[in-house]
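Undergrad: Got a structure for you, written out below as structure tokens; questions coming shortly.
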Amino acid sequence: MEQFQFLLQRFDPGVIWLNARNQIVAMNHVAFEVLECQDGFPLGKEIVKFHPPEVRKKVSKLISKQNCPVDSPKPISMIIAAINKLLLLKISKTIGERGIYGTNVIFYDLTSIATDLENDTITIKKYPVYKNKKIILINISDILYFKADGHYSSIITADDTYLCNLSIGEIEQNSPVGYFSRTHRSYLVNLQSITAVEKRTRTLTLTFDSTHSEPVPVSKKYRKDIMTLLNIP
């Protein structure tokens with residue numbers, strides 16, 4: 001963890017200024033290199049247009065909920081699908097003489113240290129989370145399962161539970177193929193970490209060796225596939 005904190009301090013941050021309509025009005029050289037555009041010129045474009053349509057509402061909500069901070073806002077991890085980047089952002093409003101002027105976005109590009117690129121799609125190998133005023137990278141091998149929490153997810157490990165800003169759909173789409181299995185619309189599980197399976201006539205439940213975990217249900221939709229993967233007759 002300490003090595004990552006030191007590495008983050010050495011990164012050049014990207015800086016973007018948005019106006020009240022969330023259009024890019026200025027940026028530094030790091031942001032210009034990261035926000036690739038087909039026409040090569042991101043200025044004047046809405047920041048949400050760099051995201052796929054299905055997550056633009058979530059992005060707009062994240063931007064609008066930030067205020068001019070008394071306390072430093074928490075970092076947010078986000079996949080920018082249009083440019084295949086995993087970014088860690090801090091978002092806050094900017095204030096002018098007439099009130100709120102726009103939004104300031106500062107980000108670090110974690111793509112090279114937390115992902116692999118496969119078939120032009122990023123695959124996450126370490127998940128960035130924020131807890132106890134520290135940024136932590138969680139190796140996928142340490143994750144027992146993900147639990148959906150609205151537009152976000154909880155990451156459950158043997159030692160703790162963490163809030164992740166990515167939805168369970170984004171996690172499933174950008175995890176290594178076959179590493180995690182969907183057992184329920186709200187759960188994505190590392191089957192290698194299961195310690196017990198409770199099979200009844202109509203239900204299947206998975207358990208883990210962790211005080212932070214809970215029994216994970218297997219819904220009817222995924223029951224047959226999970227039983228096959230676990231070699232359960």
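Undergrad: Non-local amide H neighbours of residue 28 (under 5 Å, H modeled in plane, Pro and chain starts lacking H): which ones?
TA: Here the answer is 15, since their amide H atoms fall under 5 Å of that of residue 28.
Undergrad: Hey, how many Å between the Cα centroid of segment 210-233 and the Cα centroid of segment 78-138?
TA: If we compute the Cα centre of each part, the gap is 32 Å.
Undergrad: Here is a follow-up. For an R0 of 30 angstrom, estimate the FRET efficiency from the Cβ-Cβ distance between residue 159 and residue 196 and round to the nearest 0.05. Walk me through the numbers on the way to the answer.
TA: On the way: r = 19 Å, r/R0 = 0.64.
Here the calculated transfer efficiency is 0.95.
Undergrad: Rank-order 54-61, 137-144 by packing density, defined as the average count of other C-beta atoms within 10 Å over each peptide's residues, highest first. Each step should come with its number before you reach the end.
TA: Numbers: 54-61: 15.5, 137-144: 17.0.
Final packing ranking: 137-144, 54-61.
Undergrad: Next up: Assuming R0 = 22 Å, what is the FRET efficiency of residue 84 and residue 60, from their Cβ-Cβ distance, to the nearest 0.05? Kindly include the intermediate steps, with their values, before the conclusion.
TA: Values: r = 21 Å, r/R0 = 0.98.
Using R0 = 22 Å, I get an efficiency of 0.55.
Undergrad: How much length would be gained if the chain were fully extended between residue 177 and residue 45, taking 0.36 nm per residue of separation minus their Cα-Cα distance, in nm to one decimal? Present the calculation step by step, with values, prior to reporting the outcome.
TA: On the way: separation 132, 0.36 × 132 = 47.52 nm, distance 3.36 nm.
So the extension gain works out to 44.2 nm.
Undergrad: Along the Cα→Cβ direction, 7 angstrom out, place labels at residue 15 and residue 232. What is the inter-label distance in nm?
TA: Those two pseudo-labels are separated by 5.4 nm.
Undergrad: Please tell me the relative contact order of the chain in percent, rounded to the nearest whole number, where contacts are Cα pairs under 8 Å and at least six residues apart.
TA: Relative contact order comes out at 13 percent.
Undergrad: Shifting gears a bit: I need the calculated FRET efficiency for the pair residue 219 and residue 133, taking r as the beta carbon distance and R₀ as 35 Å, to the nearest 0.05. Provide the component values of the computation, followed by the final result.
TA: Details: r = 37 Å, r/R0 = 1.06.
That gives a FRET efficiency of 0.40.
Undergrad: Now for a separate question. Which whole-Hz couplings ³J(HN,Hα) result when phi for each residue of segment 205-215 is put into the Karplus expression 6.51 cos²θ - 1.76 cosθ + 1.60, θ = phi - 60°, listed in order with x for Gly and Pro?
TA: My calculation for segment 205-215 gives 10, 10, 10, 9, 8, 7, 6, 9, 9, 10, x Hz in order.
Undergrad: Along each of its three principal axes, how wide is the spread of alpha-carbon positions in segment 136-229, in whole angstrom units, largest first?
TA: 40, 26, 23
Undergrad: How high is the relative contact order of segment 112-233, in percent, with contacts defined as C-alpha pairs under 8 Å that are six or more residues apart? Intermediate values should be presented prior to the final figure.
TA: Values: 220 pairs, mean separation 21.6, N = 122.
The normalised contact order for segment 112-233 reaches 18 percent.
Bear in mind these aren't lab numbers, they're just calculated from the coordinates by the rules spelled out. It should be emphasised that the depicted structure is a prediction, and the values quoted were computed from it without experimental measurement. For neighbour counting, all protein chains shown are included, and Cβ atoms are generated from backbone atoms with ideal geometry for every residue, glycine included.
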